[in-house]
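The values are calculated or read from the model by the stated rules, or taken from the named source; none is laboratory data. This one's a predicted model, so the numbers in the text were calculated from it and none came from an experiment. Counting neighbours? That spans all protein chains shown, and the Cβs are built from the backbone with ideal geometry, glycine included. Heads up: the accessible areas ignore ligands, DNA and RNA and are worked out on the full protein's heavy atoms, side chains in. Shrake-Rupley method; radii C 1.70, N 1.55, O 1.52, S 1.80 Å.
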Amino acid sequence: MVIKVRKLKIILWIFIVLLIQTVVISQLRIPGAVPSLVLVYTICVMIMENEFRNAVIISIICAVCFGALCDRGFVPTSLFYVYSSIVVFALRKKPQYVRNPIKAFAWVFIASGASEIMYFILNTFTINIDMLTNHALPTAVCNTVLAFIVYPLLRITMYREEKKKTLLVV
């Protein structure tokens, strides 16, 4: 029963994220920025998910859905989302002294900037400082702001840790 509820929550989250991405986020006009709620959701899930299999399945579903919905090309977008998710999942425990929310915000910033740089290089075959300051940086900042909203909501709705009872020995 718990597994079915968890799967339902995942499907509901993906549906809501894709709906908000296509209806609200895609209509936002922020100079130079292309926010991606799907990337933010995927990275936050990779930070919090404990099982690699579930993490990869969620990232593949999000990548394929977003790749089909966005106007940036299905294959590069899908591959970047899946590969960046796997990298984040593999490196999420390092450094151990940094808390997960900070890791989530940092990884969202890095993945968002890398996504814009990759997209720009694939389309123009060049890279310049203007592209970094006018496209990659605003997108990374917008997505990091979105992560400040998504991460706590995910934590509350899907990844609530059970309160651990401590045994006091006298």
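Of the residues making up the stretch 83-134, those that are in contact (Cβ under 8 Å) with a residue 12 or more places away in the chain and either open to solvent by 80 Å² or more (accessible area, probe 1.4 Å) or of a type in the set (Ser, Thr, Tyr) (or both) number 8. Among the conditions (1) in contact (Cβ under 8 Å) with a residue 40 or more places away in the chain; (2) open to solvent by 90 Å² or more (accessible area, probe 1.4 Å), Leu12 misses just one, which is (1). Considering only residues of the stretch 135-170 that are open to solvent by less than 60 Å² (accessible area, probe 1.4 Å) and part of a loop (DSSP other than H, G, I, E, B), which is modelled with the lowest pLDDT? Filtering first and then ranking leaves Tyr159.
Conditions (1) open to solvent by 10 Å² or more (accessible area, probe 1.4 Å); (2) in contact with an Asp or Glu (Cβ under 7 Å, 6 or more places away or on another chain); (3) modelled with pLDDT under 90, marked per residue:
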| position | (1), (2), (3) |
| --- | --- |
| Tyr41 | no, no, no |
| Ile47 | no, no, yes |
| Asn50 | yes, no, yes |
| Ala55 | no, yes, yes |
| Cys62 | no, no, yes |
| Phe66 | yes, no, yes |
| Leu69 | yes, no, yes |
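Can you find a residue in the stretch 28-46 that is over 16 Å from Val108 (Cα atoms) and assigned to a helix (DSSP H, G or I)? The answer is no, given that none of the residues of the stretch 28-46 is over 16 Å from Val108 (Cα atoms) and assigned to a helix (DSSP H, G or I). Select from the stretch 76-101 the residues that are modelled with pLDDT of 80 or more, in a helix (DSSP H, G or I) and either more than 21 Å from Ala136 (Cβ to Cβ) or among the small types (Gly, Ala, Ser) (or both) and list them in ascending order. Of everything in the stretch 76-101, those that are modelled with pLDDT of 80 or more, in a helix (DSSP H, G or I) and either more than 21 Å from Ala136 (Cβ to Cβ) or among the small types (Gly, Ala, Ser) (or both) turn out to be Ser78, Ser84, Ser85, Ile86, Phe89, Ala90, Pro101.
Screening the stretch 15-25 for residues that are part of a helix (DSSP H, G or I) and farther than 20 Å from Gly113 by Cβ and picking the one that is most open to solvent (accessible area, probe 1.4 Å) gives Phe15.
Taking the stated definitions as given, is Ile121 assigned to a helix (DSSP H, G or I) and within 21 Å of Met158 (Cα to Cα)? Criteria not met by Ile121.
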